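**Q** What follows is a single structure, and I will ask about it in a moment.
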Amino acid sequence: MSRAVKIAYKPVGLLLGAGAGLAAGLIFKQIWKVAGHDDDAPHATDPDRGWGEILLAAALQGAIFAIVKAAVDRTGAVGVHKATGEWPD
């Protein structure tokens with residue numbers, strides 16, 4: 001990848017990453033509600049929640065974040081490739 005494309009993609013990648021984080025958070029909240037849990041996921045230090053619920057929430061949140069981030073990163077890379085003919089690193 002040329003240096004100019006790499007430099008131009010950096011801020012785009014950062015914005016896409018931030019957007020992915022926000023989208024993943026919203027998706028997780030909706031799934032957590034649909035699963036019949038409280039509106040908010042438990043915090044690891046919440047004394048009123050058990051280990052199972054805390055670990056389930058963390059695993060689900062991590063999986064959703066990873067899937068959304070990968071989808072957004074891949075979409076951004078495909079867009080750069082289409083626009084420039086070069087694949088971003």
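The values are calculated or read from the model by the stated rules, or taken from the named source; none is laboratory data. These numbers were taken from a predicted model, which means no experiment stands behind them. When we count neighbours, we look across all protein chains shown, and the Cβ atoms used for this are built from the backbone with ideal geometry, even at glycine. Ligands, DNA and RNA are stripped out before the accessible areas are found, and what is left, the full protein with its side chains, is counted by its heavy atoms. Shrake-Rupley method; radii C 1.70, N 1.55, O 1.52, S 1.80 Å.
**Q** Name the residue that is most open to solvent (accessible area, probe 1.4 Å), counting only residues in region 16-28 that are in contact with a helix residue (DSSP H, G or I) (Cβ under 9 Å, 6 or more places away or on another chain) and farther than 18 Å from P42 by Cβ.
**A** In this case the residue turns out to be L16.
**Q** For region 33-89, enumerate the residues that are more than 30 Å from K6 (Cα to Cα), open to solvent by 70 Å² or more (accessible area, probe 1.4 Å) and outside any helix (DSSP H, G or I).
**A** D38, D39, D40, H43, A44, T45, P47, D48
**Q** Then there's this: For region 4-12, check the following and say yes or no: at least one residue is more than 18 Å from V72 (Cβ to Cβ), open to solvent by 40 Å² or more (accessible area, probe 1.4 Å) and assigned to a loop (DSSP other than H, G, I, E, B).
**A** Checked against the condition, which is being more than 18 Å from V72 (Cβ to Cβ), open to solvent by 40 Å² or more (accessible area, probe 1.4 Å) and assigned to a loop (DSSP other than H, G, I, E, B), region 4-12 yields no hits at all.
**Q** Please go through region 65-89 and pick out each residue that is within 13 Å of A20 (Cβ to Cβ) and in contact (Cβ under 8 Å) with a residue 60 or more places away in the chain.
**A** Listed by number, the residues that qualify are D73, G76.
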